[in-house]
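Worksheet for the structure shown next.
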Amino acid sequence: MAMAGRSGGGPTSDINITPYIDILLVLLIIFMVIQPTTQYDLEARVPQKLPEDMPENVIVKSDAIVVSIASTGALRINQDAVTLQQLGARLFDIYSARANKNMFIQGDADLAFEEVVRVIDIAKGAGVGDIGLMTEE
């Protein structure tokens with residue numbers, strides 16, 4: 001009731017909230033429509049097993065680069081010991097001449113994931129393409 005009488009004699013006015021609800025619904029629809037539909041995530045490829053009918057005398061050539069991280073933080077590229085400061089330069093030297101830009105990281109079970117992420121960051125800066133995480137089995 002917009003013009004209800006008061007005991008004091010003058011008319012009173014109430015706020016009409018219907019236009020505010022209409023604006024709210026329009027904004028809700030706009031935000032639902034402009035929500036991005038593309039999802040950003042990291043690609044994950046699952047390793048494939050070797051076929052069981054493969055002859056035993058076949059030699060599988062592996063030119064994989066494995067960076068191992070010990071629980072103490074010691075790093076190794078395949079079997080060569082390297083420090084964290086040397087890691088970027090060594091990986092850049094290795095991957096600058098290679099067509100295969102894949103690398104694997106093998107970390108100790110007691111290692112904090114922060115150390116693995118640090119190595120991934122250095123490797124990406126050195127030009128490594130795909131990085132795989134190796135688990136203990």
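The values are calculated or read from the model by the stated rules, or taken from the named source; none is laboratory data. Model, not experiment: these values are computed from the prediction. Counting neighbours? That spans all protein chains shown, and the Cβs are built from the backbone with ideal geometry, glycine included.
Looking across the range 110-136, the residues that are assigned to a loop (DSSP other than H, G, I, E, B) and either within 16 Å of Gly73 (Cα to Cα) or modelled with pLDDT of 85 or more (or both) come down to Asp110, Leu111, Ala112. The strands (runs of 3 or more DSSP E) falling completely within the range 59-109 that include 2 or more residues that are surrounded by 10 or more Cβ atoms within 10 Å (Cβ to Cβ) and touching a residue at least 24 places away in the same chain (Cβ under 8 Å) map to 65-69, 103-107. Is there a residue in the range 64-80 that is among the hydroxyl-bearing types (Ser, Thr, Tyr), under 27 Å from Gly129 (Cβ atoms) and modelled with pLDDT under 70? No: the range 64-80 contains no residue that is among the hydroxyl-bearing types (Ser, Thr, Tyr), under 27 Å from Gly129 (Cβ atoms) and modelled with pLDDT under 70. Just one of the listed residues (Phe92, Phe104) is at pLDDT 85 or above and more than 12 Å from Val67 (Cβ to Cβ), namely Phe92.
Within the range 54-62, is even one residue at pLDDT 80 or above, more than 31 Å from the chain's Cα centre (by Cα) and of a type in the set (A, V, I, L, M)? Looking for residues that are at pLDDT 80 or above, more than 31 Å from the chain's Cα centre (by Cα) and of a type in the set (A, V, I, L, M), one finds none in the range 54-62, hence no. So which residues in the range 87-101 are of a type in the set (D, E, K, R) and within 23 Å of Gly73 (Cα to Cα)? Across the range 87-101, the qualifying residues are Arg90, Asp93.
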